[in-house]
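Comments concern the structure below.
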Amino acid sequence: MSEIQESINNVVESPSGVTRRRFIQGAAAASAGAAVIGLSACGGDDDSGASVGINGTTLRVATGKQVHPAAPWETSDGSLYILSNVGEWLCYQLADGTLEPRIAESWESNADATSWTFNIRQGVMFNDGTPLTVDDIVYTFTAIFTAEPSRSKGNFEGTLLPEGVVKVDENTIRFDLLKPTGNFPYSVSSVSYGMCIIKNGADGGQVWTETMISAGPWKMESYVETEKTVFVKNEFYWDSNFKSEFERLELVQFVSLATALPQLNTGEIDLAAGITAPDALALDPDKFTIGTVKAGAGLAHVHMRCNFGPFMDKRIRQAAALTLDREGYVAGVLAGIGGVVGNDSVMDPYPTVDTSVPQRTKDIEAAKALMAEAGVPNGFDVQLSTWARDDINNYAEFIKTSFAEIGINVELVIDGSDGGGSVYYTYDPYPSEKGKVFEYDNNSWLASNLGIVDWAGRGVPDQYLMREWRSTADWSAAQLWDDELDAAIDEYIAGTSFEVQQAASKKIQEISLDRTPYILAYTNNLITAGRKGLEGVVINSMGQIDARNARNA
């Protein structure tokens, strides 16, 4: 039995109850272009004439689990779904990866992108009715440097210091940077999901969740951590086009979105914000609309630790990457709609990618030769650490069966707690730091020899590069310290033209294939499922939910 067939069998025996026959039928339909839409809005015509679900004027959305509090300074995970509705940013990443002005009406940089000026929209108010000022914005972007914990500070490592956040006047804020940064507006957008604007002097830690005062379209009515958050409309929201037909928005958390499908089928849930391809294809197309959003380099990054453990030799990492049938996994397990083939670099899904760089494919003979050269012809035993979620479970099984072909025997250690917070995402240790070696494997994200981490989808690769791939990254699970890669990353970050960024991208792609600190066998498509008759809900590649124009057809 091939590793792809084993992975497919694992998928169809999942808790969602998708049968193998139904999966094969669904995959065939997908390959024929049926039952799939390429838009992020979940909507469609309801031939039955029904206009309101059993939830009345409450819109109920199933989301993934949070690990940490839905607080600006502490968020790092599924709590971004909550912040996306109560929070507001200078600008917001749309489903196509571009930025939309929000609190900032416009922005521009100087010639070398070392200084960025944002013109602030007038009349914006917090959800308690008080005015939002430039002083609040300055505080939001300076407090993270001294807050503890502060999981957003890493977005600005080596780029910005507190003194670089400058109030120009009551209508203008300027960011004076430590180095040129061509894509800087993304750093102050909803991509940095903990950077929603909060009040001057406010505690942005867990205490913030008691009130959730920000400037987004919804206001928190109740919040039960790791379970459910209920919002009502923010009557003070700045955008007069905010005309949702729903009076309340309810986000319900599930460790496995497959377990939300029964409630979706009965109408108790209106929309599932992120499900697997087989589960999507198993839904009745007459009752549900399926949406897909390209998620950049988002989702599952497989790290192989470079400074400790069995993967220190790059030839072993290269060999491991050569065991994967990427095309088979995308066509089979992901049913052709769940993602696209990856090439072990975060640059590949973006327009600046250099397509002349060869695609890595399965080659067991070459992989065995590399293992022999590295002195481990018979392989070795290793644990793969991650946390439980349908798609990640499937991917972990795929890695295990693939690596076995060259003698790398993988034991899966999957944290089954809510969101993986008990072990894998404990943030112990944290941060990764150049020159600091964690000489142990405790099955957590940053101290596991082999693991899978979930990344939200960004419109540009900058945060992956700066927080995961660069030597100074605070979220570097592979912990590769490489001057050549650092230099190429710096070239890309500083680039202010497509040509400069593409030249740097080629270097990053080639170095990534050579060093192979991470495996990206595929890059994700975020799949949503909503009941027919629901329109106007848009989910971007971060998984952020925009229900400002939610309505029943």
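The values are calculated or read from the model by the stated rules, or taken from the named source; none is laboratory data. Here the structure is a predicted model, which is why all the values come from computation and not from measurement. For neighbour counting, all protein chains shown are included, and Cβ atoms are generated from backbone atoms with ideal geometry for every residue, glycine included. The area values use the complete protein model at the heavy-atom level, side chains included, leaving out ligands, DNA and RNA. Shrake-Rupley method; radii C 1.70, N 1.55, O 1.52, S 1.80 Å.
Summary table below
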read-out: Check on Ala273, under 25 Å from the mean Cα position of the chain (by Cα) and open to solvent by less than 10 Å² (accessible area, probe 1.4 Å); value: yes
read-out: Tally, over segment 345-399, of residues that are in a helix (DSSP H, G or I) and surrounded by fewer than 19 Cβ atoms within 10 Å (Cβ to Cβ); value: 8
read-out: Residues (modelled with pLDDT under 95 and in a strand (DSSP E or B)) located in segment 295-335; value: Leu299, Ala300
read-out: Scope segment 318-340; condition of a type in the set (A, V, I, L, M), in contact with a strand residue (DSSP E or B) (Cβ under 8 Å, 6 or more places away or on another chain) and open to solvent by 50 Å² or more (accessible area, probe 1.4 Å); matching residues; value: Val340
read-out: Test result for Leu412, surrounded by fewer than 16 Cβ atoms within 10 Å (Cβ to Cβ) and at pLDDT 95 or above; value: yes
read-out: Spans of strands (runs of 3 or more DSSP E) in segment 161-257 with at least 2 residues open to solvent by 30 Å² or more (accessible area, probe 1.4 Å), over 25 Å from Leu465 (Cα atoms) and β-branched (Val, Ile, Thr); value: 165-169
read-out: Pairs, first open to solvent by 10 Å² or more (accessible area, probe 1.4 Å) in segment 123-143, second in a helix (DSSP H, G or I), C-beta under 8 Å, six or more apart; value: Thr142/Pro162
read-out: Segment 250-279 residues that are within 20 Å of Asp415 (Cα to Cα), paired with ones that are of a type in the set (Lys, Arg) and modelled with pLDDT of 90 or more (beta carbon under 9 Å, 6 or more apart); value: Gln253/Lys228
read-out: Index of the failed condition, Ala282 passing every other in (1) open to solvent by 20 Å² or more (accessible area, probe 1.4 Å); (2) in contact with a strand residue (DSSP E or B) (Cβ under 8 Å, 6 or more places away or on another chain); (3) of a type in the set (Gly, Ala, Ser); value: (2)
read-out: Where Asn155 falls short, out of the listed (1) outside any helix (DSSP H, G or I); (2) more than 18 Å from Glu100 (Cα to Cα); value: (1)
read-out: So Ala300, is it in contact (Cβ under 8 Å) with a residue 60 or more places away in the chain, aliphatic (A, V, I, L, M), in contact with an Asp or Glu (Cβ under 9 Å, 6 or more places away or on another chain) and open to solvent by less than 10 Å² (accessible area, probe 1.4 Å); value: yes
read-out: Among the residues listed as Ala396, Ala372, Ala367, the single one being modelled with pLDDT of 95 or more, touching a Ser or Thr at 6+ places or on another chain (Cβ under 8 Å), small (Gly, Ala, Ser) and more than 28 Å from Thr292 (Cβ to Cβ); value: Ala367
read-out: Hits in segment 147-200 - residues which are under 26 Å from the mean Cα position of the chain (by Cα) and acidic (Asp, Glu); value: Glu148, Glu157
read-out: Residue list for segment 461-478, filter: more than 20 Å from the chain's Cα centre (by Cα) and open to solvent by less than 10 Å² (accessible area, probe 1.4 Å); value: Ser471
read-out: Scope segment 458-479; condition among the hydrophobic types (A, V, I, L, M, F, W, C) and assigned to a loop (DSSP other than H, G, I, E, B); matching residues; value: Val460, Ala473, Trp475, Ala477, Ala478
read-out: Given (1) at pLDDT 95 or above; (2) part of a loop (DSSP other than H, G, I, E, B); (3) touching a helix residue (DSSP H, G or I) at 6+ places or on another chain (Cβ under 9 Å), number of the condition Thr146 does not satisfy; value: (1)
read-out: Contacts under 6 angstrom Cβ, first residue in segment 418-440 being in contact (Cβ under 8 Å) with a residue 12 or more places away in the chain, partner open to solvent by 80 Å² or more (accessible area, probe 1.4 Å) and not in a helix (DSSP H, G or I), 6 or more apart; value: Lys434/Trp481
read-out: Residues of segment 497-553 classified as among the small types (Gly, Ala, Ser), part of a helix (DSSP H, G or I) and open to solvent by 10 Å² or more (accessible area, probe 1.4 Å), total; value: 1
read-out: Selection from segment 70-122 of residues that are open to solvent by 30 Å² or more (accessible area, probe 1.4 Å) and β-branched (Val, Ile, Thr); value: Thr98, Thr114, Thr117
read-out: Condition check for Trp445: surrounded by fewer than 23 Cβ atoms within 10 Å (Cβ to Cβ), of a type outside the set (Gly, Ala, Ser) and touching a Gly at 6+ places or on another chain (Cβ under 8 Å); value: no
